[in-house]
Amino acid sequence: MSKVVNLLTKEQLETLQDVCDVMDHAITDKQSAYRMKLTDEHGTHDYVAGRDEYLESVMDYVLTTLGCVFHQLN
C-alpha cells in the first residue's frame, strides 16, 4: 500500500483519508435509524433510513468518490 500512497497527489490522499473516515464511522456506528436528505424531482426532503439502506448509500458515495478521483489509476 505504501507504494500506491507515494503515487497519489495531495488531493487524492486527502480524498482517500476522507473516504476511510466515512467508512470507519459507518461501520462502527450501530444506530438502527439514520436521518438523511432525499433529493428527487420534487426537491429535497427529510428521510429516515434503516441501517442497511444507510450503509448502501455510504458505499455508493464511497465508490462514486473513489471512481471520480482515482479514474486515472490502472
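Quickly run through the range 17-74 and pick out the residues that are open to solvent by 90 Å² or more (accessible area, probe 1.4 Å), among the charged types (D, E, K, R) and more than 30 Å from LEU7 (Cβ to Cβ). Hits for the range 17-74 are LYS30, ARG35, LYS37, GLU41, ASP46, ASP52, GLU56.
Within the range 15-36, the set of residues being among the charged types (D, E, K, R) and either touching a Leu at 6+ places or on another chain (Cβ under 9 Å) or outside any helix (DSSP H, G or I) (or both) comprises ASP29, LYS30, ARG35.
The values are calculated or read from the model by the stated rules, or taken from the named source; none is laboratory data. Just so it is clear, the model here is predicted, and its values are computed rather than measured. A quick note on method: Cβ atoms are made from the backbone with ideal geometry, for glycine too, and the neighbour counts reach across all protein chains shown. To get the accessible areas, we keep the full protein, side chains included, count just its heavy atoms, and leave off ligands, DNA and RNA. Shrake-Rupley method; radii C 1.70, N 1.55, O 1.52, S 1.80 Å.
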